[in-house]
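Q: Mind having a look at this structure? Questions to follow.
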Amino acid sequence: MLLLSYLFGIRSERRVVQEIQVNVAYRWFLGLKLTDPVPHASTISQNRRRRFLKADIEWELFVHVVKQAVDCGFIDGRTLFTDSTHIKANANKHSILSKRAKDVPNEVVQRSIERHLAAMKEERELLNDDTEDDLATAINADREAAGRKPLNLTGSEPEAAEGTTELAERTKLPVSLSDPEAGYMVREGKPEGFHYLEHRTVEGRNGFVVHLRVTSARLVDPVAYLSCLKEVKELYAFGVKAVGLDAGYYSNAICHSLTDQGIFAAIASRGTRPAKGMMGKWRFRYLWNLDAYFCPGEHLLRYTTTNREGYREYKSNPAVCSGCPLLEVCTKSANKQKVIHRHVWQDDKDLVYRNNKTERGQKLLQRRRETVERSFADGKELHGLRYARFRGRKKVERQSLLSATAQNLKKLAILLSRSLSCAQAA
């Protein structure tokens with residue numbers, strides 16, 4: 001019954017029951033005779049609360065349909081496209097803890113904050129990958145190669161204090177009283193308020209949705225991508241050869257990981273603008289043989305150290321810069337020294353940038369817009385993806401899984417019908 005509601009975009013479960021009562025096709029699909037009674041709408045909600053509360057039936061159904069498409073030869077998994085879209089949470093953006101903390105009891109405030117912090121911790125554990133460990137290894141290897149002492153980068157994040165802390169400090173968090181697991185999103189060109197993000201992976205052959213994860217809107221796209229890609233490869237044993245991504249995924253960690261896995265990556269990039277009246281970083285040319293930057297004033301910026309964030313620091317000579325005619329448009333530092341940062345994985349990022357300029361890279365970026373963007377549009381317009389029907393990350397993820405399953409089933413039925421028609425014509 002739920003699958004019917006997502007297939008035909010019926011938002012209300014009571015409305016689904018009414019449609020099944022009068023629609024013979026729906027009854028046939030459910031195995032009901034014309035005289036058989038239709039289950040009450042509360043049957044769906046009670047099953048959701050009791051029988052399937054801790055079950056992953058929506059995930060199992062989604063994976064089962066994808067594997068059917070793989071067995072039919074409609075998915076090869078060689079090219080994947082990933083992006084995220086916002087889903088409006090079932091929460092009023094004005095019902096924020098920081099604004100209404102004085103009007104609600106302390107126990108309600110504490111319960112909302114604890115649920116919010118628990119959801120943040122669960123998301124970190126769900127999307128955990130080896131990127132931080134790899135970066136720490138790369139940083140210390142780079143420092144040792146330069147003759148500097150390694151850094152201690154194994155510190156863990158402090159756990160949230162148990163019990164109730166000062167209310168004035170707690171209420172600084174943008175927590176919703178209606179759905180504390182949702183994240184408050186403030187992005188250019190996006191609606192402001194409490195939202196969830198669906199991170200969706202679509203294969204490039206026929207546009208099937210092969211993986212998705214729902215997180216709060218507080219998480220940025222690069223944080224979730226590598227763990228999602230790892231799950232796809234392990235789940236279906238895909239031999240991924242190429243990926244196409246939006247500009248939000250153009251990070252050092254993603255470029256390094258994809259290059260290390262031997263995957264051709266085409267990731268859109270956004271240009272950065274320097275401060276008004278100042279020279280851009282592109283005016284400084286990197287010299288591979290000297291491991292130094294050559295400035296427009298024809299002076300060298302030498303390597304000094306590698307910091308904790310993984311950036312190699314190149315600094316100029318203040319004595320030389322003080323007499324340079326380009327000083328005013330070069331740096332505003334008080335000691336008249338120019339500093340340029342270069343990430344230890346910058347070479348991988350430059351490789352991805354060069355991929356974008358190739359014919360293959362341009363085709364991947366174009367194909368990304370035709371697959372994952374259209375998949376989101378169909379889901380929101382036709383299959384109930386635009387608004388969250390429930391509260392809580394797991395429940396919203398179940399909604400997204402059913403919506404994606406409905407899209408995959410429609411696509412699978414169309415492709416099987418075409419294959420059958422071609423076979424009969426032959």
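Q: Since Gly277 meets every condition but one in (1) farther than 30 Å from Lys338 by Cβ; (2) among the small types (Gly, Ala, Ser); (3) out of contact with any Ser or Thr (no Cβ under 7 Å at 6 or more places or on another chain); (4) part of a loop (DSSP other than H, G, I, E, B), which condition does it not meet?
A: (1) is the only condition that Gly277 fails.
Okay, residues lined up against (1) over 29 Å from Leu151 (Cα atoms); (2) aliphatic (A, V, I, L, M); (3) not in a helix (DSSP H, G or I):
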{"site": "Glu298", "(1), (2), (3)": "yes, no, yes"}
{"site": "Arg302", "(1), (2), (3)": "no, no, yes"}
{"site": "Pro325", "(1), (2), (3)": "yes, no, yes"}
{"site": "Val329", "(1), (2), (3)": "yes, yes, no"}
{"site": "Ser333", "(1), (2), (3)": "no, no, yes"}
{"site": "Tyr353", "(1), (2), (3)": "yes, no, no"}
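Q: Taking Phe8 and the conditions (1) surrounded by fewer than 14 Cβ atoms within 10 Å (Cβ to Cβ); (2) under 26 Å from Arg386 (Cα atoms); (3) not basic (Lys, Arg), which numbered condition does it fall short on, given that it satisfies the others?
A: The one condition Phe8 does not meet is (1).
Q: Just to be sure before I move on: is Ala247 in contact with a Lys or Arg (Cβ under 6 Å, 6 or more places away or on another chain) and surrounded by fewer than 19 Cβ atoms within 10 Å (Cβ to Cβ) in the structure I sent?
A: Yes: the conditions hold for Ala247.
Q: Since Asp378 meets every condition but one in (1) closer than 22 Å to Asp71 by Cα; (2) in contact (Cβ under 8 Å) with a residue 24 or more places away in the chain; (3) not polar (S, T, N, Q), which condition does it not meet?
A: The number of the failed condition is (1).
Q: Then there is this: So in the stretch 128-141, with the set limited to residues that are farther than 17 Å from Thr259 by Cβ and touching a residue at least 40 places away in the same chain (Cβ under 8 Å), which one is farthest from the chain's Cα centre (by Cα)?
A: Ile139
Q: Taking Lys276, is it of a type outside the set (Val, Ile, Thr) and free of Cβ contacts under 8 Å to residues at least 60 places away in the same chain?
A: Values: of a type outside the set (Val, Ile, Thr): yes; free of Cβ contacts under 8 Å to residues at least 60 places away in the same chain: yes.
In short, yes.
Q: On the basis of being within 19 Å of Gly392 (Cβ to Cβ) and either surrounded by 14 or more Cβ atoms within 10 Å (Cβ to Cβ) or not assigned by TED's automatic domain parsing to the domain that holds Thr405 (or both), does Gln46 make the cut? Write out each step before concluding.
A: Values: within 19 Å of Gly392 (Cβ to Cβ): yes; either surrounded by 14 or more Cβ atoms within 10 Å (Cβ to Cβ) or not assigned by TED's automatic domain parsing to the domain that holds Thr405 (or both): yes.
Yes: the conditions hold for Gln46.
Q: Confirm whether Thr371 is of a type in the set (Ser, Thr, Tyr), within 22 Å of Thr82 (Cβ to Cβ), crowded, with 16+ Cβ neighbours inside 10 Å and at pLDDT 95 or above.
A: no
Q: Does any residue in the stretch 1-23 that is within 15 Å of Gln407 (Cβ to Cβ) come within less than 8 Å, Cβ to Cβ, of a residue that is exposed (fewer than 15 other Cβ atoms within 10 Å of the Cβ) and of a type in the set (Phe, Trp, Tyr) six or more places away or on a different chain, and which pairs are these?
A: Note: pairs meeting the criteria are Leu4/Phe29.
The values are calculated or read from the model by the stated rules, or taken from the named source; none is laboratory data. Treat the numbers as computed from the prediction; the structure is a model and nothing was measured. Positions of Cβ are backbone-derived with ideal geometry, glycine not excepted, and every protein chain shown enters the neighbour counts.
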